[in-house]
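Step one of this worksheet: look at the structure below.
The values are calculated or read from the model by the stated rules, or taken from the named source; none is laboratory data. Values in this document were obtained by computation on a predicted structure and should not be read as measured data. Cβ placement follows ideal geometry from the backbone for every residue including glycine, while neighbour counts extend to all protein chains displayed. Note: accessible area is taken over every heavy atom of the protein model, side chains too, but ligands, DNA and RNA are not part of it. Shrake-Rupley method; radii C 1.70, N 1.55, O 1.52, S 1.80 Å.
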Amino acid sequence: MLSYLLATLTFAGIYAMLALGLNVIWGMTGMINLGLAGFFAVGAYVSALLSILGLPIPLAAIAAMAAAALVGGLLSRLTLKLRGDYLAIVTLGFGEFVRLIAANEIWLTNGSDGISGIPGPFRAELTPFEFNALFAAITVVCVAVAWFLSRRLRISPYGRALRALREDETAAAVAGKPVRRMKVEAFALGAALLGLGGVLYAHFTSYIAPDIFRPLLTIYIFLSLTAGGTGNATGAVVGAVIVMGILEGSRFLEGVIPGLSGAQGAALREMVIGSLLIVIMRLKPSGLLAERPPRMPVQPGTTGSARRRT
Amino acid sequence: MLDLLPQLIVNGIVMGTLLAIPAIGFTAIFAVLRFPNFAVASHATIGAFAGYAANVGLGLPVEVSLVAAFLVAAVVGVLSDEIALRPLRPHGALTTAIASIALTIVLENAVRFIFGNDLRGYDLPLVRDWRIWGVRIGPQQVENLLLALALMSAVFLALRYTRIGKSMRAVADNPALAELKGIDPIMIGRLTVFFGMGLVGAGGMLLGVGTSIDPLTGFRFILPIFAAAVVGGLGSIPGAVLGAMVVGLGEELSLIVLSPSYRSAVGFLAIVIVLTFRPRGLLGERAY
């Protein structure tokens with residue numbers, strides 16, 4: 001049971017990482033990205049393949065994040081001129097495109113059979129329970145770092161400029177912000193976090209296949225961020241934990257309702273998740289922990305650091 | 001490979017005509033309500049399954065089943081839109097778009113809950129393909145093509161000559177002015193969703209008749225459907241037809257250079273290429 005809780009904690013952490021990534025792209029900068037699953041897949045596949053070739057896991061992870069960032073930067077560079085609704089369609093298409101590659105480039109990805117035997121840190125030396133505990137700790141640390149950096153980014157001048165861009169692109173451009181460059185950078189940064197989510201997933205489960213990267217994942221993450229509060233890093237993490245709780249909780253729901261086949265139980269769960277997202281958006285469009293406007297930046301030279309900590 | 005060209009062009013035209021039907025539905029909803037409604041994926045599936053239930057369950061011929069596909073998808077479209085999406089519209093196009101993906105997941109799984117995951121095929125008479133100058137074409141393909149063309153003509157005539165069609169175009173052009181002229185935008189929105197999702201459902205069935213269907217059928221077709229609408233220019237109905245032809249022919253002609261498993265990637269590539277040069281699609285957009 002404890003092992004199960006640790007695994008659930010790890011998955012919640014992975015969702016939190018994805019929600020943090022989406023928060024940079026959508027929450028802070030206001031660009032839509034419905035291709036989350038695609039970046040998640042890029043991170044997972046790159047890290048899995050490199051570490052199977054013998055690269056140490058941390059290096060493989062960094063390479064995977066770089067790959068996801070590169071792909072994200074390229075995609076946003078290609079779509080710079082697009083309005084939000086067009087961008088939504090293009091990014092959704094991108095996610096499906098990645099899945100298509102993963103399913104068909106069998107020489108590289110082993111097709112729909114997936115890649116198994118992905119190394120995990122010290123997996124051979126530890127008992128399964130110890131491994132779960134170690135990996136949960138690693139995930140929590142990664143999320144904590146990403147959360148901290150997101151918070152720093154938000155209150156930094158750069159983060160303020162991103163929000164300005166979200167609210168009014170033209171005004172930001174008039175104020176002299178390099179809008180195009182910042183959009184590409186923010187998208188790449190968010191994509192790197194999405195990629196890191198994939199890295200954690202691949203090394204924890206030791207198995208990845210194209211089926212894992214379905215658009216349903218995108219829904220889960222949007223649910224996390226919307227539930228927690230768009231634009232708010234803490235909200236992203238809290239939302240991910242809530243969503244994981246719903247996902248796991250609804251697993252028990254299947255046992256309560258008699259006479260369901262396996263497929264029907266799974267269908268019912270997904271229906272519950274989808275309905276919840278709609279209900280939450282309806283009741284609390286800005287999320288449970290809505291973004292509060294940050295305090296005015298303190299003048300340099302005053303007791304800024306001390307005051308900011310409060 | 002080049003001797004295959006006439007065959008691929010014929011297949012591409014058939015495919016493009018079939019794709020145009022759901023693409024028209026999608027783009028019409030966009031023109032009037034101004035958000036990309038991703039729930040078309042599940043409505044295509046619902047249409048395909050409603051048609052299947054009428055065709056296999058009740059033993060009705062394909063033409064009649066197509067009416068069932070249209071009506072069921074249209075009714076589900078209006079009901080689900082009223083419950084899930086309309087209250088969200090004031091919060092903006094992207095909020096509504098995300099909710100429409102969630103709606104797709106709910107509806108797709110409702111189909112899975114009822115019908116299961118199995119592949120199902122329509123009950124069609126087995127007939128030999130015709131051969132015309134070396135090009136093979138199935139009688140069913142021809143019938144689907146004619147049905148699609150009939151639907152398309154009906155849409156064009158309705159938009160041009162009926163009161164409802166004119167009101168829809170008025171709301172698409174300028175909602176404020178339309179309201180001033182006494183057109184109820186909510187009612188027009190409802191009617192647009194009814195006819196739009198009906199077309200998506202009918203299109204889902206026509207696309208499914210050629211192959212087998214399962215709950216993911218609609219999702220597999222959304223990329224080409226979106227691509228058709230976006231390539232043509234979101235919100236433009238002639239654009240959707242043109243875009244569907246580009247995507248349909250592109251998918252078939254890509255077989256010369258690409259493996260068949262990448263067919264559905266052609267839609268994505270078409271979107272990226274066209275939008276790079278024309279960010280609002282080939283025929284721009286009337287709305288806005």
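Given 10 Å bins starting at zero, what is the percent of C-alpha pairs of region A:36-195 in each, up to the one with the largest pair distance?
10, 30, 32, 19, 8, 1
Helix B:265-277 versus the longest principal axis of chain B: what angle, 0 to 90°, nearest 10, using Cα atoms?
So the inclination is approximately 50 degrees.
Could you order the peptides A:129-136, A:100-107 from most to least packed, using the average number of other C-beta atoms within 10 Å per residue?
A:129-136, A:100-107
At 222 nm, what value in deg cm²/dmol follows for the protein assembly as shown if DSSP H runs of at least 4 each add -39500 (n - 2.57) and the sum is divided by all its residues, to the nearest 500?
Numbers: 24 runs with 418 residues, N = 598.
Computed mean residue ellipticity for the protein assembly as shown: -23500 deg cm²/dmol.
With a ≥ b ≥ c taken as the square roots of the eigenvalues of the C-alpha gyration tensor of region A:87-128, please select rounded if a/c is under 1.5 and otherwise prolate if a/b is larger than b/c or oblate if it is not?
The shape class here is oblate.
I'd like the distance between the alpha-carbon centres of region A:90-151 and region A:156-210, rounded to an integer number of Å.
20 Å
Tally Lys/Arg at +1 and Asp/Glu at -1 over every other residue whose Cβ is under 13 Å from the Cβ of residue A:187; what's the total?
+4
What angle, in degrees between 0 and 90 and rounded to the nearest 10, separates the Cα long axis of helix B:139-161 from the longest principal axis of the Cα atoms of chain B?
The two axes meet at around 20 degrees.
What total accessible surface area, summed over both chains, is buried at the interface between chains B and A, computed with a 1.4 Å probe and given in Å² to the nearest 100?
For chain B against chain A, roughly 4000 Å² becomes buried.
Within 10 Å of each Cβ in peptide B:82-90, how many partner chain Cβ atoms are there on average? Round it to a whole number, please.
The mean count of partner-chain Cβ atoms within 10 Å per residue comes to 2.
Distance in nm between label sites at residue A:284 and residue A:2, each 7 Å beyond Cα in the beta-carbon direction?
It is 3.3 nm.
Could you check the spin-label model distance between residue B:149 and residue B:119? Points 7 Å from the Cα along Cα→Cβ, value in nm.
Using points 7 Å along Cα→Cβ, the separation is 3.1 nm.
Taking a quarter of the surface of the convex hull around the Cα atoms of chain A, what do you get in nm²?
Directional mean of the projected Cα hull area for chain A stands at 18.3 nm².
Considering only protein heavy atoms, what per residue accessible area in square angstrom results for the protein assembly as shown with a 1.4 angstrom probe?
Result: 42 Å² of accessible area for each residue.
With all protein chains present, how much of the accessible area of region B:83-146 (probe radius 1.4 Å) comes from carbon and sulfur, to the nearest whole percent?
62 percent
Treat the protein assembly as shown as a sphere of radius equal to its Kirkwood radius over Cα pairs and apply Stokes-Einstein at 10 °C in a medium of 1.306 mPa s; give the translational diffusion coefficient in µm²/s, rounded to a whole number.
Working: Rh = 25.1 Å.
Rounded, D is 63 µm²/s.
Angle check, please: helix B:93-115 long axis (alpha carbons) against the longest principal axis of chain B (alpha carbons), in degrees 0 to 90, nearest 10.
50 degrees
Go through A:119-126, B:45-52 and give me the packing order, highest mean Cβ count within 10 Å leading.
B:45-52, A:119-126
Please average, across the residues of B:113-124, the number of beta carbons from any other chain that are within 10 Å of each residue's own beta carbon, and give a whole number. Numbers along the way, then the final one.
Details: counts 10, 2, 2, 4, 5, 1, 0, 0, 0, 0, 0, 0.
That average works out to 2.
So which lysines can residue B:181 reach, going by Cα to Cα under 18 Å and dropping same-chain residues fewer than 8 places off?
Candidates past the 8-residue exclusion: B:166.
Which of the helices in chain A meet the span-like rule: DSSP H, Cα axial reach of 27 Å or more, Kyte-Doolittle mean at least 0.0?
Helices meeting the criterion: A:2-22, A:57-78, A:84-104, A:128-155, A:179-205, A:233-256, A:262-283.
Would you work out the relative contact order for chain B, in percent, from Cα pairs under 8 angstrom that are 6 or more residues apart? Display every interim value, and only then the final one.
Values: 499 pairs, mean separation 102.5, N = 288.
Relative contact order, chain B: 36 percent.
Tell me the carbon and sulfur percent of the accessible area for region A:54-184, rounded to whole percent, probe radius 1.4 Å.
Ligands and nucleic acids excluded, carbon and sulfur reach 69 percent.
Give the average, rounded to an integer, of partner chain Cβ atoms located within 10 angstrom of each Cβ in A:79-88.
Across the residues of A:79-88, the mean count of other-chain Cβ atoms within 10 Å is 6.
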